[in-house]
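In what follows, a single structure is set out as structure tokens and then discussed.
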Amino acid sequence: MSDILFQPISIGTMEVKNRIFMPAMHLNMARNYKVTDRLVDFYAERARGGAGMITVGYATVDERSGNPGNIGAHSDDFIPGLSRLAAAIREQGARASVQLNHAGRYNHSMLMGGKQPVAPSAVASRLTRETPKELEVADITEVIASFADAARRVKEAGFDAVEILAGTGYLISEFLSPLTNRRGDEYGGSFDNRIRFGLEVVAAVRGAVGKDFPLLVRLNGNEFMEGGTTAEELREFAAALADGGVDAICVNVGWHEAQVPQIVSEVPRGVFAYLAREIRGRVTIPVIASHRINDPVVAREMLAGGVCDMVAIGRALIADPDFPEKARSGREGEIVHCVACGQGCFDNLFKMKAVECLCNPLAGYESSRRGAPAKVPLKVMVVGGGAAGMSAAIAAAGRGHRVTLFERDGRLGGQLLLAGAPPGRGEFRQLATDLVRQVTLSGVNVVLGSRVDEIMIDSFSPDALIVATGGVPVTPAIEGVELPHVVQAWDVLAGKVSTGKRVVVIGGGAVGVETALLLAEQGTLSPEALKFLLVHGAEPAERLYSLATRGKLDVTVIEMLDQLGKNFGKSTRWGMLQDVERYGVRSRTAARVVEITPHHVRIEVDGREEELGADTVVLAVGTRPYNPLQEAATARGILARVVGDAVRPAMVFDAIHEGYMAACEIG
């Protein structure tokens, strides 16, 4: 029986070899709108890995539609670069398309040389804090023509198809939504008027590229914006697009300012598939489902269940460009799954950096970082089996070195296992599993339950040593910290200790917040129980919500700074803080712990002392490096590299990248 994931499919006149569609994602790898070698290398690698179709972008249609980090399609000057990008994708066997978009009120004036953003109406953007200029009808006509001109350039450059972005809070969806469209002319008011702009863009693009050139549209299945376009209106819009000559629809979710998480790890795999299914029931053209599809099993279930005709796999292909080929060739166990952390692919964009990946140190560096084969294979000793150590061992073995990895515990994984313990963070444990598999495949010799010291170094006699011994939790100098009911957050996350009913967590950084949420969820309804009670009408919806968000413990977080979770990435922090409120976790910020007593924690806030009842006190005040071996290695003339928390407290992203780079520096 053939694998449904690898059955061909037709989009208009174009045949795609499989059902894996890589959607457009802003990479910030273009320079002054021009295609760069880095961009070409990135997409060529994903095409080589077996994706059926790759959409790049988004690409600009005029100078107010994006910024210089976007791919440019608003001038003929950009056609040569577009042609090079199309050729690189097609030569590796994938179909290539370009997504065209106008950001509207989501654009920033500072990224456009001071130009004011434009929109259907002068409604301020909560994302940029800027008020756009309302488009005149003549301006609208010009923007529509610019979409058509850009599509013509896409076709001329040699791409197989073009896609129009009509969702996510950008210009077309701004015309569609009553939240942002306050117009009183033919482009505002009624639903038919509000969809007019999008349909006219589609008609103009169709006219520019001809009836046989495949045309796709990406639109929301639900905006998750109160008072905005309804889901039913979006389905009607999808049907109108299909009637208007669109060949396929890719369904995404939410605006950038929506309060429903869309891409982070707490979002269950494939959870938004129902939106694609509902649109698929209204059209006869192929429908592509998207968001949090990072595993072939999920993808096949969606296809086999009639939810969609293709699956959009985006960040999962940043994490592992060979995902499709591994799935096709029966090597699914070798896939490195995207953990949906957002640290490299999303948070980097806020920093005006190019996209990178926590899981894949080569993402965005396909040519520049790839370690060359070792000139002389060395005997390499890696100490520490966490993220940094496994990354280093895999990379060193990949270069041809003889690698032995020592881990003092009985299993590999290190702090990844702790990071994966809180609710909604289980993908980090999946990453630990994936890296262990990569260690095995790379031929690394693994020694578990072994604490390395100077005697063992002498016995092993390595040519090079990579120290990835991590860190140890800090115990603060607080009176009463030695009491028996005071425990470390790491032990809570590892399931080594249980707590009393009243829990005070000292430290409101990432570890403290995640530990508090883990404790706050204890005693809440499981997903299976919630579904059972909901389906059978056992309790009112309000009661079910309470049972799903109120557990058996009273949890309070104390933080010295004025805010919780300052060391979270921007794409994760807002959702975690929402959960803190949702699950009833109390917090005291700008607070200093004065003393821990057998039944209380005394804190000082604004010069006043307070007492908080506590049956258990959890310490989450930070990590200090643990590096017992570098000095010994240096004294013996052994080449040594120190990575991860053994250098300084850092993120998993830093640990994996540092481990990889250290391996590239050896031999």
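Charges only on Cβ, +1 for Lys and Arg, -1 for Asp and Glu: so what's the dipole of the range 486-621 about the Cα centre, in debye to the nearest 20?
Values: 16 positive and 18 negative charges, 52 e Å.
The calculated dipole for the range 486-621 is roughly 240 debye.
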Charge dipole (the range 486-621, unit charges on Cβ, about Cα centre) - positive-most of 490, 587, 598: 490
Separation between Cα centres of the range 585-642 and the range 271-329, rounded to whole Å: 43 Å
Point-charge dipole on Cβ atoms (K/R +1, D/E -1) for the range 85-232, about Cα centre, debye to 20: 280 debye
Cα gyration tensor category, rounded, prolate or oblate, for the range 17-60 with a/c compared to 1.5: oblate
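For a footprinting-style exposure proxy, rank 54, 666, 293 by other Cβ within 10 Å, fewest first.
The order, fewest Cβ neighbours first, is 666, 293, 54.
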For peptides 529-537, 467-475, 587-595, sequence by mean Cβ density within 10 Å, most packed first: 467-475, 587-595, 529-537
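For residue 562 and residue 271, what does the FRET efficiency come to when R0 = 45 Å and r is the distance between their Cβ atoms, rounded to the nearest 0.05?
Values: r = 34 Å, r/R0 = 0.76.
With R0 = 45 Å, the Cβ-Cβ based efficiency is 0.85.
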FRET efficiency, residue 370 to residue 574 (Cβ-Cβ, R0 51 Å, nearest 0.05): 0.90
Computed lengthening from residue 37 to residue 665, 0.36 nm per intervening residue step minus Cα-Cα distance: 223.7 nm
Spacing of the two label points (7 Å from each Cα toward its C-beta) at residue 475 and residue 257, in nm: 5.0 nm
Added length on full extension, which subtracts the Cα-Cα distance from 0.36 nm per residue, residue 63 to residue 589: 185.0 nm
Residue among 443, 145, 75 farthest towards the positive dipole end of the chain, charges placed on Cβ: 443
Reachable lysines from residue 353, criterion Cα separation under 24 angstrom, eight or more residues apart if same chain: 34, 115, 566, 570
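Below 8 Å between Cα atoms, with a sequence gap of 6+, how large is the relative contact order for the chain in percent?
Values: 1543 pairs, mean separation 73.1, N = 667.
Taking the mean separation of contacting Cα pairs over the length of the chain, I get 11 percent.
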For 664, 341, 357, order by how many other beta-carbon atoms lie within 10 Å, fewest first: 664, 357, 341
Karplus-derived 3J(HN,Hα), 6.51/-1.76/1.60, for each residue of the range 264-274, Hz, glycine and proline x: 7, 5, 6, 6, x, 4, x, 5, 8, 4, 4
Cα-based radius of gyration of the range 582-667 once divided by 2.2 N^0.38 Å, which approximates compact folds: 1.74
Additional length obtainable on full extension of the chain from residue 496 to residue 582, 0.36 nm per residue less Cα span: 28.3 nm
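Can you check how the C-alpha radius of gyration of the chain compares to 2.2 N^0.38 Å, as a plain ratio? It would help to have the intermediate numbers written out before the result.
Details: Rg = 26.7 Å, N = 667, 2.2 N^0.38 = 26.0 Å.
That ratio works out to 1.02.
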Dipole moment magnitude, nearest 20 debye, the chain about Cα centre, only Lys, Arg, Asp, Glu C-beta charged: 1020 debye
Lysines with Cα under 28 Å of residue 326, excluding same-chain neighbours fewer than 8 positions away: 17
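Any chance you could tell me what percent of the C-alpha pair distances in the range 44-183 go past 21 Å? Could the numbers behind the result be given before it?
On the way: 4243 of 9730 pairs.
Tail fraction, whole percent: 44.
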Which of 335, 478, 164 has the fewest Cβ neighbours within 10 Å, and the rest in rising order: 478, 335, 164
Rounded to 10°, Cα long-axis angle of helix 652-664 versus longest principal axis of the chain: 80 degrees
Length-normalised contact order of the range 486-621 in % [C-alpha pairs under 8 Å, at least 6 apart]: 37 percent
Two-site label geometry, residue 76 and residue 129: point separation in nm, points 7 Å out along Cα→Cβ: 4.3 nm
Whichever lysines have a C-alpha closer than 23 Å to that of residue 531, once near sequence neighbours (fewer than 8 apart) are set aside: 552
Given charges at Cβ of Lys, Arg, Asp, Glu: the chain dipole, positive-most of 189, 240, 419: 419
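For the range 486-621, what D do you get in µm² per second when you plug the Kirkwood radius from alpha-carbon pairs into Stokes-Einstein at 25 °C and 0.890 mPa s?
Details: Rh = 15.6 Å.
It diffuses with D of about 157 µm²/s by this estimate.
Kindly give the semi-axes, whole Å and largest first, of the ellipsoid equivalent to the range 143-231, taking each as the square root of 5 times a Cα gyration tensor eigenvalue.
Numbers: eigenvalues 136, 39, 17 Å².
For the range 143-231, the ellipsoid semi-axes come out as 26, 14, 9 Å.
What fraction of the DSSP beta bridges in the range 486-621 is antiparallel, stated in percent and rounded to the nearest 5?
Numbers: 11 of 26 bridges.
Around 40 percent of the beta bridges assigned by DSSP in the range 486-621 are antiparallel ones.
Bear in mind these aren't lab numbers, they're just calculated from the coordinates by the rules spelled out. In this text the structure is predicted, and so the values were computed from the model without any measurement. Cβ coordinates were reconstructed from backbone atoms using ideal geometry, including for glycine residues, and neighbour counts include every protein chain displayed.
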